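One structure is given here, and the rest of the page talks about it.
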Amino acid sequence: MSTVVHHADSPVGPAARAGRALATSPLTLTAVAWLVLVVLTSVFADQLAPFDPLTQNLTELLKPPSATHWLGTDSLGRDVLSRLMHGGDTLLWGAAEATAIAVALGLPAGLLSGYRGGIADAVISWLVDLTFAVPAFVVLVALAVIYPQNTAVMMAVLGVLGAGAATRLVRNSTRTVRDELFIDAARVSGLPLRTILFRHVLPTVVAPVIMLAATSMAICVIVLSSLSFLGLGGSPEAPSWGQMIYEASQNITVDSWLLVPPGAVLILTVIAFNLIANTVRDALPGGPTPRPVRHRRTVLAETAAQRPDADPQTLLGVHGLVVEFPSGPVVDGVTFAVRKGEILGLVGESGSGKTVTALAIPGLLPIDERITAGSVRFAGEELAGTTERRLSRVRGRGVAYIAQEPMAALDPCYTVGNQLRAALRHFGATRRAAAARTGDLLREVGISDPDRVMRCRPHQISGGIAQRVAIALALTGDPALLIADEPTTALDVTVQAAILDLFRNVVATGERALVLVSHDIGVVADVCDRVAVMYAGQIVEQGETDSVLGAPRHPYTRALLRSMPSLDTAGRLPVIPGSVPAPDAWPEGCRFAARCALATDACKKGPIPLMDVSGPSPRTTRCVRGHDLAPEPGR
Amino acid sequence: MTPTPEEVQPRTDAWLLEIDHLRVSYGRRRRTHTAVDDVTLNVGAGEAVGLVGESGSGKSTIGRAVLGLTASSSGRIRFEDTDITSVPAERRGALTADLQVVFQDPYGSLNPARTISQTLTEPLLTHRAMTAEQARARVQGLLDQVGLPADAANRYPAAFSGGQRQRIAIARALASNPKLVICDEPVSALDLSTQAQILNLLADLRADLGLAYLFIGHNLAVVRNLCDRVVVLYRGQVMETGPAAQVTGHPLHPYTAALVAAAPVADVAAQRERRLARVTVTEPLTVAHSGCPFAGRCPHVEDICRQQRPARVKVGESVVACHLFPSGKGDSHTSGSVDEKV
């Protein structure tokens with residue numbers, strides 16, 4: 001599932017994403033419009049304001065809104081609307097000044113500290129800590145005493161103090177990008193530091209910086225308003241929102257309306273800045289992803305009567321399974337059965353649907369993927385479309401799942417022994433029985449020193465031991481069926497061999513079965529009794545492993561085997577041209593036809609059914625020319 | 001002294017890359033971890049040398065040290081007789097054109113916010129006095145060379161599959177006409193059918209352009225397919241070096257033999273034989289710090305293996321570091337004969 005081909009021909013850089021998010025959210029567009037309005041009215045206040053903000057009219061004191069005074073008048077008869085228009089000026093300029101200084105200092109300092117590390121990082125980080133230690137508001141109040149009514153100086157200092165946060169943000173973003181391989185590739189290309197920083201690092205820190213700037217604007221507007229509320233801001237004559245609020249608060253018992261216009265404008269402006277900051281943040285990597293709608297499970301499970309009478313030895317029967325993503329089907333009519341004591345291999349390349357099939361069996365599909373047709377019968381019980389409650393009873397006790405990344409299956413906070421005991425207790429063991437069983441389980445999965453491993457936390461053990469522990473964890477509920485998705489792909493080849501031996505032992509009792517999902521045909525050849533080869537959402541060939549691999553009856557299987565490099569030969573490999581078609585490009589006929597050397601017109605006419613192949617053991621192929629492959633022995 | 005490669009390997013002046021007693025350590029004082037421990041290997045002009053090992057063997061670290069992305073602790077790296085041991089990538093100037101890389105992860109190695117054309121022209125416009133027009137023509141030539149359509153140039157990496165991205169990464173490496181390309185697991189993240197396409201492309205490019213490869217991988221069959229010589233690493237040390245067919249066909253070192261035996265083949269009957277024949281070696285919880293690094297897992301281990309680091313001994317066309325192949329009776333310091341066959 002790793003190869004997801006996006007057809008969108010657009011950049012996916014964080015800055016581009018943030019830009020798109022800003023332009024598409026109506027709420028954010030409203031916020032931007034509001035800020036534009038505030039800025040324009042502040043800049044053109046002289047022309048736009050209906051009255052002079054300072055002219056007092058003692059005959060019109062504390063008037064409510066009227067046709068002449070849209071927002072009424074204050075205690076000195078001055079027009080509130082005009083004062084509001086003039087009052088944003090100092091505030092916005094001051095906030096912009098502080099923000100610009102914070103970014104101008106923080107951006108280069110953060111880039112240097114993040115990219116270079118070492119001493120530069122240590123010194124800069126120390127300075128950053130210093131800015132965090134300084135109580136900004138106290139400094140501002142002190143400054144207001146030394147430089148009375150000098151907003152420019154106060155905001156410059158606020159900007160310098162704010163540069164600490166900007167530096168830290170840029171540093172952290174830079175450090176993440178610095179370790180990307182494309183930066184290494186650029187370094188190997190011999191690009192100068194300047195180019196690497198500007199072309200490759202800067203674009204990824206732009207969006208967080210925009211977010212920070214918007215937040216900083218909001219904070220500065222509040223700080224400045226608070227200062228003028230305290231009478232420490234700009235000139236007491238010049239109107240400002242904070243001062244208007246102060247004056248309104250003096251008259252709150254006489255006329256509470258006065259508080260509304262400056263309060264509303266201040267709050268709306270701060271909200272607008274914060275909205276923009278949030279939108280940019282959400283567009284950054286790690287932001288919340290849109291929550292998909294939970295579909296109702298509509299399942300067309302066939303009744304047992306419709307299906308051929310099941311063999312009592314059959315543990316799992318998957319029939320006509322269809323799994324759909326919101327974009328369409330990705331698993332298209334998969335049918336297979338697993339008997340007790342058997343290991344079935346599901347083999348295929350990325351996009352073949354093998355992992356989705358494996359996840360669908362115990363109902364572990366992600367929230368926006370669902371089974372839309374077919375049946376999954378496990379030990380006589382239908383799992384497709386059943387309730388989450390019944391599924392959770394089956395999971396662990398009936399069906400257990402082993403993931404590719406063993407470390408992901410283990411909780412880093414608890415010791416191995418703790419996790420195993422907790423799982424055993426969950427399945428009903430007493431405290432004493434769980435403690436005793438833990439050691440046995442670890443020995444069963446081939447750990448020679450269980451007491452020691454039990455005391456380890458996941459990071460203290462190697463990948464091979466971790467996968468053994470993950471298998472032990474899967475065995476705690478004594479499940480009848482194990483599903484292992486690429487369980488050895490992340491492991492070294494010598495460790496892989498030992499884990500495959502372990503799987504063989506786990507199934508050897510004859511009561512368990514294993515479905516092993518793998519892209520590695522060698523692994524399948526080593527451990528699987530039967531194999532189902534998947535291509536583009538379908539099983540294209542199924543049968544006993546030695547006959548399928550020894551004499552493939554589907555051209556895809558044959559081509560895949562031939563394209564494997566071997567230990568005995570060198571030189572050019574016979575390749576399959578082209579690539580696996582994406583689900584939305586699946587043809588109506590044979591899905592492999594476009595890449596197949598044997599394809600004829602008949603292959604493209606319509607869906608190809610699975611056809612039986614005569615032979616000593618049951619065997620099927622989805623190829624109209626399957627018989628043509630018969631005389632030719634496989635490799 | 002242990003025999004140096006000059007004594008062991010036929011000394012020619014054609015070495016493109018010479019790595020001499022390289023050591024790379026991380027951390028400080030007592031918490032030091034030595035990722036690469038006294039590694040000596042050479043790559044000739046036009047030669048493909050495979051560097052095989054499991055995770056933690058230090059194979060990628062060697063590649064990064066050669067590229068100037070990781071600092072070496074001691075030893076020497078020379079490229080065409082220029083000492084590049086302590087020259088980071090940014091300060092290599094014109095040399096970067098000769099020494100290029102293809103990384104494993106085709107998703108992380110391309111900047112998602114830059115078009116393919118921007119990625120490919122970047123090194124062209126930086127180093128070579130190329131006009132934008134010339135660079136555009138060169139990009140078209142490169143895309144054609146790696147089998148991508150011409151209209152790929154104006155797209156972003158997100159529009160391509162893993163195999164196609166790896167072709168783009170190869171095109172970027174080729175842009176400056178390099179002499180040596182470090183291939184750091186270039187096919188490990190790819191599907192089987194895509195892997196074969198990329199391996200063939202690498203083989204063709206080598207034949208057409210006379211490239212040399214230092215091919216880092218964990219899959220012996222892949223390395224055998226592409227490389228002339230193979231160097232087998234374990235925990236930062238070279239266990240065995242020799243012609244690819246020799247190392248995979250007749251491994252000398254017990255570790256190489258374990259690697260070969262563990263690599264599964266797609267033939268059920270053959271795989272059954274291999275499985276029955278192989279000696280399972282479990283991974284130990286702790287690692288000894290003296291003697292042979294493989295001693296804890298080796299089926300042929302003897303007392304000397306835990307005490308003394310084995311000398312490099314020439315056996316046939318291979319060089320092996322194992323006490324099973326003594327260069328003199330037990331004492332490698334006085335041993336002179338490196339040609340002794342065992």
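Read-outs throughout are calculated quantities, based only on the coordinates presented, and are distinct from any laboratory measurement. Remember, it's a predicted structure, so these values are computed and weren't measured experimentally. Note: ideal-geometry Cβ built from the backbone for every residue, glycine included; neighbour counts use all protein chains shown.
Taking the centroid of alpha carbons for each part, segment A:193-260 and segment A:383-400 are 55 Å apart.
Taking a quarter of the surface of the Cα convex hull of segment A:110-181 gives a mean projected area of 5.2 nm². For segment A:304-528, the percent of C-alpha pairs falling in each 10 Å distance bin, counted from 0 to the bin holding the largest distance, reads 8, 32, 36, 19, 4, 0. Here is the P(r) of segment A:1-159: all C-alpha pair distances, binned every 5 Å from 0, give 2, 7, 9, 10, 11, 12, 13, 11, 8, 6, 4, 3, 2, 1, 0, 0 in whole percents.
Here the contact order of segment A:304-528, divided by its residue count and restricted to Cα pairs under 8 Å and six or more residues apart, works out to 26 percent.
When the Kirkwood radius is taken over all Cα pairs of segment A:419-466, what Stokes-Einstein diffusion coefficient follows at 10 °C and 1.306 mPa s, in µm²/s? In µm²/s, the coefficient is 142. Percent of C-alpha pairs per 10 Å bin in the protein assembly as shown, short distances first: 2, 9, 16, 18, 18, 15, 10, 6, 4, 1, 0, 0. Which whole-number percentage describes the relative contact order of chain B, with Cα contacts under 8 Å and a sequence gap of 6 or more? Relative contact order of chain B: 19 percent.
Quarter the surface of the alpha carbon convex hull of segment A:463-532 and you get the mean projected area, 4.4 square nanometres. A:L441 sits among other residues whose Cβ lies under 11 Å from its own Cβ, and their net charge, with Lys and Arg +1 and Asp and Glu -1, is +1.
When the convex hull of the Cα atoms of segment A:177-222 is projected onto a plane and the area is averaged over all directions, what value comes out in nm²? Working shown, then result.
On the way: hull surface 14.3 nm².
Result: a mean projected hull area of 3.6 nm².
For segment B:200-273, the square roots of the Cα gyration tensor eigenvalues, ordered a ≥ b ≥ c, give a/c of at least 1.5 with a/b no greater than b/c, which places it in the oblate category.
Suppose we look only past 28 Å in the calculated P(r) of segment A:464-622. What percent of the Cα-Cα pairs does that tail hold? Show your work: numbers first, answer last.
Working: 4018 of 12561 pairs.
Value for segment A:464-622: 32 percent of Cα pairs lie more than 28 Å apart.
Relative to the longest principal axis of the Cα atoms of chain A, the long axis of helix A:80-116 makes an angle of roughly 50 degrees.
Mean residue ellipticity at 222 nm from the helices of chain A, using -39,500 (n - 2.57) per DSSP H segment of n ≥ 4 over the full residue count, to the nearest 500 deg cm²/dmol? Walk me through the numbers before you get to the answer.
Values: 23 runs with 297 residues, N = 635.
For chain A, the value works out to -15000 deg cm²/dmol.
The mean sequence distance of close C-alpha pairs (under 8 Å, at least 6 residues apart), as a share of the length of chain A, puts its relative contact order at 11 percent.
For segment A:101-250, what Kirkwood radius comes out of the mean inverse Cα-Cα distance, in Å? Let's see the in-between values first.
Values: mean 1/r = 0.0585 Å⁻¹.
Radius from the Kirkwood sum: 17.1 Å.
Partner shielding of B:85-93 amounts to 3, given as the average count of beta-carbon atoms from other chains within 10 Å of each residue beta-carbon.
Tell me, Kirkwood radius of segment B:187-315 from alpha-carbon pair distances, in Å?
On the way: mean 1/r = 0.0602 Å⁻¹.
About 16.6 Å for segment B:187-315.
Other residues lying with their Cβ under 12 Å from the Cβ of B:R165 contribute a combined charge of +2, Lys and Arg counting +1, Asp and Glu -1. Counting, for every residue in A:350-363, the Cβ atoms of other protein chains within 10 Å of its Cβ and taking the mean gives 1.
Can you give the longest run of chain B that contains no trypsin sites (Lys or Arg not before Pro) sitting in a DSSP loop with at most 13 other Cβ atoms inside 10 Å?
Details: sites that count: B:R11, B:R28, B:K329, B:K341.
It works out to B:29-328.
As I understand it, the value is the acute angle between the Cα axis of helix A:260-283 and the longest principal axis of the Cα atoms of chain A; what does it come to in degrees, rounded to 10? The helix A:260-283 is inclined about 30 degrees to chain A.
In terms of overall dimensions, chain B has a Cα radius of gyration and Dmax of 21.1, 67 angstrom.
Summed over qualifying helices (DSSP H, 4 residues or more, each -39500 (n - 2.57)) and divided by its residue number, chain B shows a 222 nm mean residue ellipticity of -9500 deg cm²/dmol. Counting Cβ atoms of other protein chains within 10 Å of each Cβ in B:61-74 and taking the mean gives 1. Applying a length cut-off of 30 Å (Cα extent along the axis) and a mean Kyte-Doolittle floor of -1.0 to the DSSP H helices of chain B leaves no helix.
Among bridges DSSP assigns within the protein assembly as shown, what percent are antiparallel (round to 5)? Display every interim value, and only then the final one.
Numbers: 56 of 93 bridges.
Antiparallel: roughly 60 percent of the beta bridges in the protein assembly as shown.
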